[in-house]
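What follows is a short report on a single structure.
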Amino acid sequence: MKSKKFFFFRLKDIKLGLCHLFSIANFASGLSFFGLSIFAQNLGVHLHEIILMTIIVWALPAQMLGLTLYAKDVPTFLLILATSMTSIRMLFMTIDILPRLRLRCAHRITDYVIGYFMSITTWLEYQRLEPTIRKRSQRSGFFLGLGIGQMFYMVCVCAIAYTFSHHIPQTMLITLTFVPATFFYVALFSRAQIHADYWAIGLPSVLLPLLHFVYPQLDILLSAIISGSLVWYCDYRIRRRQHITTSTL
């Protein structure tokens with residue numbers, strides 16, 4: 001008996017991903033969308049516009065950038081271009097995940113759907129839950145279920161925050177914005193496997209405050225380029241030395 005499908009994904013695999021709707025990662029990410037909704041409300045954006053933006057743009061940094069540029073009356077073309085460029089960072093997560101999800105003779109549209117739901121939350125959650133998936137054929141539907149569940153969760157959070165924001169102290173709202181960043185920072189350390197991973201996470205944390213005093217407008221970019229290049233070069237040299245030592249024995 002053939003299982004029912006949603007486009008090119010099996011429904012039972014999607015339901016398997018939806019079972020992880022209420023997770024710590026979703027809760028932490030939801031706090032960010034809580035702040036996003038209130039920020040948008042202060043700019044005069046309506047609730048249906050926030051929900052539509054969450055569904056279309058999805059990634060939180062792109063939405064925050066879009067709202068910031070919207071507040072500064074930036075032309076629509078530049079606003080769309082800027083928000084699109086922020087999603088380039090998802091390329092590396094997609095390259096990491098997609099080969100593990102792709103099946104033989106799979107339709108190309110499955111790759112686009114998976115890429116659409118890619119975010120740091122889905123990426124981290126899939127990394128954590130992948131060992132629990134028994135069959136490779138279940139992975140793509142499972143990931144889609146994760147993505148759909150997280151998007152539904154964030155839409156609900158935006159609606160709740162927009163409705164009850166006037167009853168929440170301002171100090172608490174500011175505090176909530178730092179919780180997700182702390183969670184994902186710890187999550188990245190928990191997923192690190194080699195020494196280079198730890199250096200790639202820790203070194204930018206040290207460089208960023210220092211570069212902020214020198215180049216406050218380029219601090220994040222410079223810290224990422226400098227630390228990433230330095231860690232890659234050192235790891236390359238160490239691996240090459242180990243290879244030469246092994247080959248000479």
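The values are calculated or read from the model by the stated rules, or taken from the named source; none is laboratory data. Quick caveat, the model's predicted, so the values are computed rather than measured. Glycine also receives a Cβ, built like all others from the backbone with ideal geometry; neighbour counts cover every protein chain displayed.
Being out of contact with any helix residue (DSSP H, G or I) (no Cβ under 6 Å at 6 or more places or on another chain) and either surrounded by 15 or more Cβ atoms within 10 Å (Cβ to Cβ) or among the charged types (D, E, K, R) (or both) is the filter; apply it to the range 225-249 and report the residue that is farthest from residue 188 (Cα to Cα). If we take residues in the range 225-249 being out of contact with any helix residue (DSSP H, G or I) (no Cβ under 6 Å at 6 or more places or on another chain) and either surrounded by 15 or more Cβ atoms within 10 Å (Cβ to Cβ) or among the charged types (D, E, K, R) (or both), then 241 is farthest from residue 188 (Cα to Cα). For the residues 140, 37, 119, 87, the requirement of being over 14 Å from the mean Cα position of the chain (by Cα) and closer than 30 Å to residue 162 by Cα singles out 37. Across the range 118-139, what is the total count of residues that are of a type in the set (A, V, I, L, M, F, W, C) and more than 22 Å from residue 27 (Cβ to Cβ)? So the answer is 1.
Among the residues of the range 192-215, the ones that are of a type outside the set (A, V, I, L, M), touching a Leu at 6+ places or on another chain (Cβ under 7 Å) and in a helix (DSSP H, G or I) come to 0 in all. Take residue 79 and decide whether it is at pLDDT 85 or above, more than 18 Å from residue 151 (Cα to Cα) and part of a helix (DSSP H, G or I). Against the criterion (at pLDDT 85 or above, more than 18 Å from residue 151 (Cα to Cα) and part of a helix (DSSP H, G or I)), residue 79 does not qualify. So which pairs qualify, if the first residue must be in the range 47-74 and surrounded by 14 or more Cβ atoms within 10 Å (Cβ to Cβ), the second must be small (Gly, Ala, Ser) and not in a helix (DSSP H, G or I), the Cβ gap must be under 8 Å, and the two must be at least 6 apart or on different chains? Hits for this filter: 58/119; 59/119; 60/119.
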